[in-house]
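Peer 1: To start, I am sharing the structure in question, which I have written as structure tokens.
Each reported figure results from applying straightforward, stated rules to the coordinates on display, with no laboratory input. Nothing here was measured: the structure is a model prediction, and the numbers come from that model. Heads up, the Cβs are rebuilt from the backbone with ideal geometry, glycines too, and the neighbour counts pull from every protein chain shown.
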Amino acid sequence: MLNIALPKGRLGEKVYGMFERAGFECPSIHEENRKLFFENEALGIRYFWVKPSDVAIYVARGAADIGVAGKDILLEYRPDVYELLDLNVGKCRMCVAGPKDFRDDPARTLRVATKFSHIATDYYTSTGRDIDVIGLNGSIELAPILGLSDVIVDIVETGTTLKENNLAVLETIVPISARLIANKASFVFYKTRIEELTRALAKEATA
Ligand code: PRP
């Protein structure tokens, strides 16, 4: 069985659709229940739904042979996996955002609230700016509103969350999208199958 970890939720369903159209269907996945894994014995594949931010952990540790994870997670946690393909879905961007009229004062350490401490640190190291990272787990937009931080580093998709909280994109750090990833040992063991699947998915990714 080739174990495939998919991110639970809307993006995961879209991604499963790509696998299905690429010829790796698993009809039982459409049944209404709370099961977390689904098999197609004839094709020798088993899908399972995991929290999006956990996919890379399953793949890195070999519990899943392949999976789909956001580039944000790969940049933040740097799991030891192969990144095989940009699936061109789940597109958004990692940005610095803050009050529309924000002016950086280089004389002060910049306070940055984020779920993505590594990404924020790497970005500001590359610009030579001193920062104080404030690690939060969600509702990051509140931080500059309440004076907890000067700016945030976060994902922006439609921009609605920022707009509705009177914030704006100040800088774009990197574009984000969903990536097909593989466990390094599995990639060697299942090379032919994984390469075949990657090729079939690549057609869906550009379709
Ligand atoms: C993400 C991100 C923003 C929002 C951006 O949050 O952290 O808050 O989506 O989307 P938009 O530009 O389309 O408004 P998520 O829904 O993952 O929840 P979170 O608050 O727990 O981070």
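Peer 1: Among 22-34, 194-206, 173-185, how do they line up from the highest to the lowest mean number of other beta-carbon atoms within 10 Å?
Peer 2: 173-185, 194-206, 22-34
Peer 1: Specify, per residue and in Å³, the volume enclosed by the convex hull of the alpha carbon atoms belonging to the chain.
Peer 2: Enclosed volume per residue, from the Cα hull, is 130 Å³.
Peer 1: May I pose another question? Would you work out the charge dipole size for region 92-175 about its Cα centre, treating the Cβ of every Lys and Arg as +1 and the Cβ of every Asp and Glu as -1, and quote it to the nearest 20 debye?
Peer 2: I would put it at about 40 debye.
Peer 1: Highest first, please rank the peptides 1-10, 55-64 by the mean number of other Cβ atoms sitting within 10 Å of their residues.
Peer 2: 55-64, 1-10
Peer 1: I'd like the Karplus ³J(HN,Hα) series for region 157-169: coefficients 6.51, -1.76, 1.60, θ = phi - 60°, whole numbers in Hz, and an x wherever there's a Gly or Pro.
Peer 2: 10, 8, x, 5, 4, 4, 4, 5, 10, 6, 10, 9, 5
Peer 1: Would you work out the relative contact order for the chain, in percent, from Cα pairs under 8 angstrom that are 6 or more residues apart?
Peer 2: Dividing the mean separation by the residue count of the chain yields 28 percent.
Peer 1: Between Leu2 and residues 5 or more places away or on another chain, which pairs have amide H atoms under 5 Å apart, with H built 1.01 Å from N, and which residues are they?
Peer 2: Counting only residues 5 or more places away or on other chains, the set is Ile45, Arg46.
Peer 1: Where does the chain land at 222 nm, in deg cm²/dmol rounded to the nearest 500, when only DSSP H runs of n ≥ 4 count, each adding -39500 (n - 2.57), divided by all residues?
Peer 2: For the chain, the value works out to -9000 deg cm²/dmol.
Peer 1: Also, quick follow-up: Which log10 I(q)/I(0) values, to two decimals, does region 48-136 give at q = 0.15, 0.22, 0.25 Å⁻¹ under the Debye formula with one point per Cα?
Peer 2: -0.69, -1.12, -1.31
Peer 1: Mind listing the long-range amide H neighbours of Val89? Cut-off is under 5 Å, sequence gap 5 or more, other chains count too, H placed in the peptide plane at 1.01 Å from N.
Peer 2: Correct list: Ala178.
Peer 1: When the dipole is taken about the Cα centre of the chain, and only Lys, Arg (+1) and Asp, Glu (-1) are charged at their Cβ, what size is it in debye, to the nearest 20?
Peer 2: In debye, rounded to 20, the chain gives about 200.
Peer 1: Moving to a separate point now. Can you find, among Val96, Thr114, Gly62, the residue farthest towards the positive end of the dipole of the chain? Put +1 on the C-beta of Lys and Arg, -1 on that of Asp and Glu.
Peer 2: Going by the Cα projections, it comes out as Gly62.
Peer 1: Let me confirm the definition first: pairs of Lys residues in the chain, 8 or more apart or on different chains, C-alpha distance under 19 Å. How many are there?
Peer 2: Close lysine pairs under the 19 Å cut-off: 21.
Peer 1: Right, something else. Amide H to amide H, which residues 5 or more places from Ile134 or on other chains are under 5 Å from it, using H placed in the peptide plane?
Peer 2: Val112, Ala113, Thr114
Peer 1: Moving to a separate point now. Rounded to the nearest 0.05, what FRET efficiency is calculated for Ile145 and Lys51 with R0 set to 35 Å and r the Cβ-Cβ distance?
Peer 2: 0.80
Peer 1: For region 92-175, state what percent of all Cα-Cα pairs lands in each successive 5 Å bin, counting from 0 Å until the bin that includes the largest distance.
Peer 2: Here the calculated profile for region 92-175 is 3, 16, 30, 29, 17, 5, 0.
Peer 1: Residues of region 45-77 with the amide nitrogen closer than 14 Å to a label point 7 Å from the Cα of Glu31, along Cα-to-Cβ, please.
Peer 2: Correct set: 47.
Peer 1: Could you please report the charge total around Ile4, scoring K, R as +1 and D, E as -1 over all other residues with beta-carbon less than 10 angstrom from its beta-carbon?
Peer 2: That sum, taken over residues with Cβ under 10 Å, equals 0.
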